[in-house]
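What follows is a single structure, written as structure tokens, with notes after it.
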Amino acid sequence: MSDPTASAAPRRRSWLRPALGLSLALNVLLLGLICGALLGHRPGGGPDDPGAMMALGPYGRALDEADRAAIREALRTEAPRFRQERREVRQSFRDLLAALRAEPFDAAQVSSLLDRQERRVQSHVDLVRQLMLDRVSTMSQAERAAFADRLEAVLRRGPPRHDHRDRDRGGPPSDP
């Protein structure tokens, strides 16, 4: 009679790699969105780039220009930390790539690397959240009400559509 656990192990492994791949993809997506918005490495990128407000999502679109400028300035003070973290992110991805290619595959090591990436992403999310909360806390009741009205309008409209081909030419988006 065969051992029932022998056939269970391959079945268990069959879902493990796709689950890890999905987890990796989600972590990379989150890290890319936040780091790309906050740490843009292209000329003109980084905290001075209006794209940094993308990390705030609809809140950033609802803030007025003075509030966005104040948050950008607060992010600018974090630039040295961001540069160090950018180096750590690059090393983390090199480590992750090596772990994914290693034989035998060590799921615990990959999990640990993904956990570290997730903590780094969460650290950025927490910073941006705190900066936004600090800014809202300085608003008068009337300013908060106006912000709430703008936020409601942004939420009603939904996320902005971007057509980079037309935006780069300065024209309105066109149909594909």
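Since every read-out is calculated from the coordinates, none of them should be taken as a lab result. Please read all numbers here as calculations on a predicted model, not as lab measurements. Cβ atoms come from the backbone with ideal geometry, glycine included; neighbour counts cover every protein chain shown.
A few remarks follow.
- Potential lengthening of the chain between Ala66 and Ala153 amounts to 29.4 nm, from the contour at 0.36 nm per residue minus the alpha-carbon distance.
- Using only alpha-carbon positions in region 94-156, the gyration tensor eigenvalues give semi-axes of 43, 13, 7 Å once each is multiplied by 5 and square-rooted (largest first).
- Virtual spin-label span in nm between Glu143 and Arg116, 7 Å along Cα→Cβ: 4.1 nm
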